[in-house]
Amino acid sequence: MPSRLLDEILADPSGQAWAILWREGQDEAEILVGEVTDLELLAQIPRPRGGAPVLALVPFRQIAERGFDARQDDTPLRVLRPTRTARVGLQELVAALPERPVQLTGERFSVEDADYAQTVGRVVEEEIGEGEGANFVIRRDVLAHCEGDHAVAALTWLRSLLVDERGAYWTFAVHTPGHTLVGATPERHVSVRDGRVWMNPISGTFRHPVDEAEVEPEFRAFVKDTKETEELFMVVDEEMKMMAQICSDGGRITGPYLKQMAHLTHTEYLLDGRSDRDVRDVLRTTMFAPTVTGSPMENACTVIARHEPSGRGYYSGVLALLEEDDEGGETLDAPILIRTAHVRGDGTVSVSAGATLVRHSDPVSECAETSAKARGVLAALGLRPRRHLGYAVDLGSLPGVAEDLTARNDTLAPFWLSPQGARPDPDLLGRRVLVVDAEDTWTQMLAHMVRHLGMVPEVRRWEDVTQADVTARRDAVDGGEGVDLVLYGPGPGDPTDTADLRIVRLRQLIAARVEAELPVLAVCLSHQVLAAMAGLGITKLPSPNQGVQLPVDLWGEVHRIGFYNTFVARPGPASLLGRPLEVAVHEPDDAVVGLRGDRVATIQGHAESVLSRDGLRALHALVRHALGHPAAPDAR
């Protein structure tokens, strides 16, 4: 018999706040019934007590806690604190849930096809094309009105998902006053247990063909597709920035894996590392997944606010389940709120879907993708006819697929694919590094890599760094307030834009450090700023390098490095305050990929990227050069 608590929900679905959760790999669903509280900050989420968990509904607007832009709406940060809990077997649950039809009226898109296509074009041209980022996710919604009881509708839709979907990370229905959510999300955002943190970036979508004969050739082509592969690498890079910030060991990548669902299959990686941070801090630091926002994260939020006409509600936020472990600590499990229907108190139903826009995005295709995704959710809820494929194929077992997936890692950085115990360079041990964050948390990965070499990094935002900070001297023997190296980091934007206070500040900080004849290392945007100061011309590439790996010759050493840039410095005589600089040029695109001179070293690419197979070796050599040491004896 179904649990008594489930019977109470079914008898009066709208009379109380409840949640029914089925999590991947479990034989039973969890039932929570309790009290609802709305909060202002994630830090206010209460601790689970007495064996009862805490369930938080985290809207996208909460990303403002990180200081990022977000269109505000009335969607609350809401907590369900259960007063009663139960578990029920899946078969029992499905048998008990209602099957009655749910009527929706007034269905429409929040943004019509033509308008959405125009938005895609603007984002590609005005944002990605101007160096504002590698990719951005812009969403639109299917809107309708739910006739009848919203809680009953949620229970009905939950049954459809449990019966017809497969491969979901969470399948759930949550009913609270004024806000009801039901969905089947494939993607874990972040989990914490026993001091370990996991993130699970997913990118790349294969839509199962109706004709079984087309499955193998089309799926093999999907697995080898360069665009799909690069998009997954880009989101892994973005989430590794978060892992480097919250994990003492920076995080390790395993995969790629397949997540096969009923009608779609995705590719994914698993990231894991160790952290002693409070779970609320982990949740705040990782808001939100790049698969639903873009990269770099901070600027992605600005682009979303600029191009989406309304707030996102719960779309791309998370559900967050906090539980008490056997030792009295806390665990966290937080799936991303995608493939989810949100029903508001007035009966408005929204199903949101986003497209990941990259440099080659076609507006018509991206428009079709959001339409297919949104209507796919409606079909999964039982509100549209579902495609009947008539076959069952384990795509991972197809000939050659496992080998093709494994081969993706051949070009990636071994540093991020392996355990990362420190290998200090005796010449660098204990040397202090100030890492200047220019609004892109690549700096967290750079800090972890120099820490691996034995250095002591501090990451600080550009607006929080003074000229005194970069000119203070530090004696190698007696120490002092200064740092041994200032590493000026990457960021979005045009390096020649003198109206951008960030660019102006970078120029001032670099000039002050160089004038003081102290060691400088500059990466990507900061490399471009320094190159312009050295008299080199800066131009836009015809097509941005976003998430691509290039072999570059850095003064006799060829390194395979990941690039994310729209602007480049062009070759020519270079000198900084009268001090000549050597120029490294990537001949195929006539771009300066590195500069070096007395106490100065720069690189255009991202040695810290997972795409940089030789990144640690390149970074190590640049650090040693800036500090006046000869080339490193090994790649470390």
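Pairs linking a residue in region 378-391 that is in contact (Cβ under 8 Å) with a residue 40 or more places away in the chain to a residue that is among the hydroxyl-bearing types (Ser, Thr, Tyr) and not in a loop (DSSP other than H, G, I, E, B), with Cβ atoms under 8 Å and 6 or more positions apart or on different chains, are Ala380/Ser160; Leu381/Ser160; Gly382/Thr156; Gly382/Ser160.
Within the option set Thr411, Thr441, being among the hydroxyl-bearing types (Ser, Thr, Tyr), crowded, with 16+ Cβ neighbours inside 10 Å and in contact (Cβ under 8 Å) with a residue 12 or more places away in the chain holds for one residue only, Thr441.
Filtered by the rule that a residue be among the acidic types (Asp, Glu) and over 14 Å from the mean Cα position of the chain (by Cα), region 273-300 gives Asp276, Asp278, Asp281.
Considering region 549-564, the residues that are of a type in the set (Val, Ile, Thr) and buried (at least 19 other Cβ atoms within 10 Å of the Cβ) include one that is farthest from Gly129 (Cα to Cα), namely Val552.
Asp38 meets each of the listed conditions (1) at pLDDT below 95; (2) in contact with a Pro (Cβ under 6 Å, 6 or more places away or on another chain) apart from (1). Every listed requirement among (1) farther than 26 Å from Gly133 by Cα; (2) of a type in the set (Gly, Ala, Ser); (3) in contact (Cβ under 8 Å) with a residue 24 or more places away in the chain is met by Ala468 save one, (3). Among residues that are modelled with pLDDT under 95 and in a helix (DSSP H, G or I), Pro544 is not included. Residue by residue through region 218-260, note down the ones that are charged (D, E, K, R) and not in a helix (DSSP H, G or I). Within region 218-260, Asp225, Asp249, Arg252, Lys259 qualify.
Filtering region 493-517 to residues that are surrounded by fewer than 22 Cβ atoms within 10 Å (Cβ to Cβ) and under 25 Å from Arg624 (Cβ atoms) leaves Ala511, Ala512, Glu515, Ala516, Glu517.
Against the condition touching a Pro at 6+ places or on another chain (Cβ under 6 Å) and more than 18 Å from Tyr169 (Cα to Cα), how does Val235 come out, does it pass? Considered against the rule, which asks whether it is touching a Pro at 6+ places or on another chain (Cβ under 6 Å) and more than 18 Å from Tyr169 (Cα to Cα), Val235 comes out as yes. For Asp475, the test of being charged (D, E, K, R), closer than 24 Å to Val514 by Cα and free of Cβ contacts under 8 Å to residues at least 24 places away in the same chain is passed.
In this entry, Arg252 passes the filter for residues that are surrounded by 18 or more Cβ atoms within 10 Å (Cβ to Cβ), in contact (Cβ under 8 Å) with a residue 12 or more places away in the chain and more than 28 Å from Gly313 (Cβ to Cβ).
Candidates in region 309-347 are the residues that are outside any strand (DSSP E or B) and of a type in the set (Lys, Arg); of these, the one that is modelled with the lowest pLDDT is Arg339. Applying the set (1) surrounded by fewer than 21 Cβ atoms within 10 Å (Cβ to Cβ); (2) in contact (Cβ under 8 Å) with a residue 40 or more places away in the chain; (3) within 31 Å of the chain's Cα centre (by Cα) to Pro59 leaves exactly one unmet item: (1).
Here Glu30, Glu35 are screened, and the one residue that is in a strand (DSSP E or B), surrounded by fewer than 13 Cβ atoms within 10 Å (Cβ to Cβ) and touching a Leu at 6+ places or on another chain (Cβ under 9 Å) is Glu35.
Filtered by the rule that a residue be surrounded by fewer than 19 Cβ atoms within 10 Å (Cβ to Cβ), among the charged types (D, E, K, R), in a helix (DSSP H, G or I) and touching a residue at least 24 places away in the same chain (Cβ under 8 Å), region 84-130 gives Glu92, Asp113, Arg122, Glu130.
From the list Val343, Val393, Val351, the one residue that fits, being farther than 22 Å from Val235 by Cα and within 22 Å of the chain's Cα centre (by Cα), is Val351.
Here Ser371, Ser350, Ser365, Ser418 are screened, and the one residue that is exposed (fewer than 15 other Cβ atoms within 10 Å of the Cβ), hydroxyl-bearing (Ser, Thr, Tyr) and over 30 Å from Gly493 (Cβ atoms) is Ser418. Among the criteria (1) of a type outside the set (Gly, Ala, Ser); (2) at pLDDT below 95; (3) outside any loop (DSSP other than H, G, I, E, B); (4) more than 23 Å from the chain's Cα centre (by Cα), the one Glu369 does not fulfil is (4). For region 533-547, the tally of residues that are surrounded by fewer than 17 Cβ atoms within 10 Å (Cβ to Cβ) and among the small types (Gly, Ala, Ser) stands at 3. Of the residues making up region 163-199, those that are part of a strand (DSSP E or B) and within 24 Å of the chain's Cα centre (by Cα) number 18. Can you find even one residue in region 15-24 that is over 32 Å from the mean Cα position of the chain (by Cα), not aromatic (Phe, Trp, Tyr) and not in a strand (DSSP E or B)? Yes, region 15-24 contains a residue that is over 32 Å from the mean Cα position of the chain (by Cα), not aromatic (Phe, Trp, Tyr) and not in a strand (DSSP E or B).
The values are calculated or read from the model by the stated rules, or taken from the named source; none is laboratory data. Predicted model, so just to flag it, every value in this text is computed and none were measured. Neighbour counts run over all protein chains shown; Cβ positions are idealised from the backbone, glycine included.
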